[in-house]
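One structure is given here, and the rest of the page talks about it.
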Amino acid sequence: MITIYHNPRCRKSRAGLEYLKACKLPFEVVDYMKTPLNAETLRTLIRNTGLKAGELVRKQEEIYKKELKSKALDDEAWISLMLQHPQLIKRPLVQAGNKAVWADPPENIQALIK
């Protein structure tokens, strides 16, 4: 099953959702702004992308610009901040099995459905 971790207010996240619909594959939508991720889920997503936690932080968010921009944090600190402030999580994240991608651009999803 494919899962998209989605923020409906985000244009890029909506584009990822439309891409999945066009693929005509079954998928589940998790609006992580309404249903926050827990630490285990977020750690798994990060691990499955192969990226470091800091690479999945949205640097255009106000909280990042005002409080985090010049900080060098480890993965656990970034994860803690993303759990406290889910708007910091890049979107959309799409997972299938033990693989996940940051779907910007939406075509990145192809790596999961080959």
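The values are calculated or read from the model by the stated rules, or taken from the named source; none is laboratory data. The structure presented is a predicted model; accordingly, all values stated were derived computationally and were not measured. Cβ: placed from backbone, ideal geometry, glycine included. Neighbour counts: every protein chain shown.
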Qualifying positions in segment 87-114 - surrounded by fewer than 20 Cβ atoms within 10 Å (Cβ to Cβ) and touching a Pro at 6+ places or on another chain (Cβ under 6 Å): none
Among helices (runs of 4 or more DSSP H) lying entirely in segment 18-114, which contain 2 or more residues that are closer than 21 Å to P8 by Cβ and under 14 Å from the mean Cα position of the chain (by Cα)? 39-49, 75-84
Please verify whether segment 6-29 includes one or more residues that are of a type in the set (V, I, T) and surrounded by 18 or more Cβ atoms within 10 Å (Cβ to Cβ). no
Among the candidates K66, K34, which residue alone is out of contact with any strand residue (DSSP E or B) (no Cβ under 8 Å at 6 or more places or on another chain) and more than 15 Å from H6 (Cα to Cα)? K66
Does L56 satisfy being modelled with pLDDT under 95 and either in contact with a Pro (Cβ under 7 Å, 6 or more places away or on another chain) or aliphatic (A, V, I, L, M) (or both)? no
Yes/no for S80 being more than 22 Å from F27 (Cβ to Cβ), modelled with pLDDT under 95, surrounded by fewer than 20 Cβ atoms within 10 Å (Cβ to Cβ) and of a type in the set (S, T, N, Q): no
